[in-house]
Every structure is written in structure tokens, then in C-alpha cells.
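Here is the structure we will look at.
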Amino acid sequence: MPNKLIDVTKRFKDTDPEREERIRDEIIVDAYGDEEVISSWYYYSGRLELLVPQPVIIVKI
């Protein structure tokens with residue numbers, strides 16, 4: 001059986017700074033201070049699990 005893991009770095013070779021900024025702004029829109037920013041990313045990653053049923057590795061926060 002072939003390995004079903006996909007090398008994400010090969011799928012998304014180039015980054016889109018506008019898209020990354022839009023996602024970041026959506027996640028931390030009302031966050032004040034480091035604790036709220038961390039909480040925002042934590043809850044975002046929980047929502048991500050519902051959308052992507054495979055294991056996800058967060059490379060950079």
C-alpha cells in the first residue's frame with residue numbers, strides 16, 4: 001500500500017504573504033497581549049482539526 005502522507009512543502013512551494021497576513025489578522029483580530037494571541041492560535045488549530053481530519057504539524061507560529 002502506498003504511503004498516503006503528502007509532503008506539504010512540495011504542494012505549496014511559494015508562500016503568499018497577503019494570504020498569510022489575512023489568516024493571521026483573522027485569528028488574532030481581538031487579541032491583546034501574548035496570552036490572548038496564543039489562545040487565539042490554540043482555538044484556531046482546534047477548528048482546523050475539524051476541517052482537516054489528518055494529523056497536522058504546525059511548523060511556525
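Please identify the pairs in which a residue from region 27-39 that is free of Cβ contacts under 8 Å to residues at least 12 places away in the same chain and of a type outside the set (Lys, Arg) has its Cβ atom under 9 Å from the Cβ atom of a residue that is surrounded by 13 or more Cβ atoms within 10 Å (Cβ to Cβ) and part of a loop (DSSP other than H, G, I, E, B), counting only partners at least 6 apart or on another chain. Short answer, once both residue conditions are applied: Glu36/Ile28; Val37/Ile28; Val37/Ala31; Ile38/Ala31; Ser39/Ala31. Considering the conditions (1) at pLDDT below 80; (2) in contact with a helix residue (DSSP H, G or I) (Cβ under 6 Å, 6 or more places away or on another chain), Ile28 is excluded by exactly one of them, (1).
Selection within region 1-25: residues that are modelled with pLDDT under 80 and outside any loop (DSSP other than H, G, I, E, B). The member of this set that is surrounded by the most Cβ atoms within 10 Å (Cβ to Cβ) is Val8.
The values are calculated or read from the model by the stated rules, or taken from the named source; none is laboratory data. None of the values given here were measured: they were computed from a predicted structure. A quick note on method: Cβ atoms are made from the backbone with ideal geometry, for glycine too, and the neighbour counts reach across all protein chains shown.
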